Amino acid sequence: MIDNYLIGLATSSDKERAVTILQQNKVLNYFDQLTFNVEIKVGKPAPDIYNTVLDKMSLKPDEEIIYEDS
């Protein structure tokens, strides 16, 4: 948590690849929750991955801001 904000990551990437990249860039510890492609049945642009990370953080959709990298 940074400044009372939770930070979650919802990625379609493979878990091992994503964690490796986050560790290499020394940013893994900034995230409170991580959600990966293997945890969902329907991928982006469906909301499943976003809903999963929100559930992990006990947040509602109106309490989130999404930043995309596509």
Legend entry - Matching entry among Lys15, Lys56, Lys26 (being basic (Lys, Arg) and exposed (fewer than 10 other Cβ atoms within 10 Å of the Cβ)): Lys26
Inset, instruction - Specify which of the listed residues (Lys44, Lys56) is under 13 Å from the mean Cα position of the chain (by Cα), closer than 16 Å to Tyr67 by Cβ and among the charged types (D, E, K, R). - result: Lys44
Legend entry - Members of the range 32-45 found to be at pLDDT 90 or above and exposed (fewer than 15 other Cβ atoms within 10 Å of the Cβ), listed by number: Val38, Glu39, Lys41, Val42
Inset, instruction - Six or more apart or on different chains, Cβ under 8 Å: which pairs go from a residue in the range 37-55 that's of a type in the set (A, V, I, L, M) to one that's surrounded by fewer than 11 Cβ atoms within 10 Å (Cβ to Cβ)? Could you list them? - result: Ile49/Gly43; Leu54/Lys60; Leu54/Pro61; Leu54/Glu63
Inset, instruction - Give the residue, chosen from Ile66, Ile49, that is surrounded by fewer than 12 Cβ atoms within 10 Å (Cβ to Cβ) and under 10 Å from the mean Cα position of the chain (by Cα). - result: Ile66
Legend entry - Inter-residue pairs, beta-carbon under 7 Å, first under 12 Å from Asn37 (Cβ atoms) and in the range 1-19, second loosely packed, with under 13 Cβ neighbours inside 10 Å and among the aliphatic types (A, V, I, L, M), 6+ apart: Lys15/Val38
Inset, instruction - Give me a count of the residues in the range 18-70 that are farther than 14 Å from Gly8 by Cβ, assigned to a loop (DSSP other than H, G, I, E, B) and not small (Gly, Ala, Ser). - result: 7
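The values are calculated or read from the model by the stated rules, or taken from the named source; none is laboratory data. Bear in mind that the values here come from a model prediction, so they are computed numbers and not experimental data. Don't worry about glycine lacking a Cβ; one is built from the backbone with ideal geometry, like all the others, and counts go over all protein chains shown.
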